[in-house]
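Written below as structure tokens is the structure these notes are about.
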Amino acid sequence: MTEQIQVVGAAILDSLERPARMLVARRTAPEQFAGLWEFPGGKVEDGEECEAALHRELREELGVRVSLGAELPAAAPAGWRLNERASMRVWQAEVTDGEPRPLEDHDELRWVGLADRQAVLDLPWIPADFPIVQALLDALSPQVLHAPTP
């Protein structure tokens, strides 16, 4: 049996307390995911804690430091199933240092408004990320409804 790959991702929000926008990243590779949107993040290395891996990945991919908020609950302890070999744990996060730039694995970053749920869902997401996006929007709904309009 092949060992499971642990992946971590961040739902980067403009504010953990009163989120109005989320940063999404468009993949450049592999070919089947090029042009699709995702949560930035990546694989956890051997011996690395998930949260440390997420901080490392966000520095490498976007050039930012973040404060982590709540983890988005998944059905399994390993997180959201991506495929037969990988699962992803996803945390809410807020940028604390740096301006996000597509440094690695992405060609575009975009802040999307959370108040228009359908516009967020209509983005061409990596298929495995789509149910995570839906769950995140459900979890954020009470906060977004009370957030000031940007």
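The values are calculated or read from the model by the stated rules, or taken from the named source; none is laboratory data. Keep in mind that what you see is a predicted model, and the values were worked out from it rather than measured. Backbone-built Cβ (ideal geometry, glycine too); neighbour counts: all protein chains shown.
Which residue is nearest to HIS55 (Cα to Cα), if the candidates are limited to region 72-98 and must be hydrophobic (A, V, I, L, M, F, W, C) and out of contact with any Leu (no Cβ under 7 Å at 6 or more places or on another chain)? So, considering only residues that are hydrophobic (A, V, I, L, M, F, W, C) and out of contact with any Leu (no Cβ under 7 Å at 6 or more places or on another chain), the one nearest to HIS55 (Cα to Cα) is VAL95. Restricting the search to region 13-32, which residues are within 16 Å of ASP138 (Cα to Cα) and acidic (Asp, Glu)? Listed by number, the list holds a single entry, GLU17. Among the residues of region 124-145, is any over 14 Å from the mean Cα position of the chain (by Cα), of a type outside the set (Ser, Thr, Tyr) and modelled with pLDDT of 95 or more? Looking for residues that are over 14 Å from the mean Cα position of the chain (by Cα), of a type outside the set (Ser, Thr, Tyr) and modelled with pLDDT of 95 or more, one finds at least one in region 124-145, hence yes.
Regarding GLY79, is this residue surrounded by fewer than 16 Cβ atoms within 10 Å (Cβ to Cβ) and closer than 23 Å to PRO124 by Cα?
On the way: surrounded by fewer than 16 Cβ atoms within 10 Å (Cβ to Cβ): no; closer than 23 Å to PRO124 by Cα: yes.
Criteria not met by GLY79.
Selection within region 18-34: residues that are surrounded by fewer than 14 Cβ atoms within 10 Å (Cβ to Cβ) and in contact (Cβ under 8 Å) with a residue 60 or more places away in the chain. The member of this set that is farthest from GLU94 (Cα to Cα) is ALA29.
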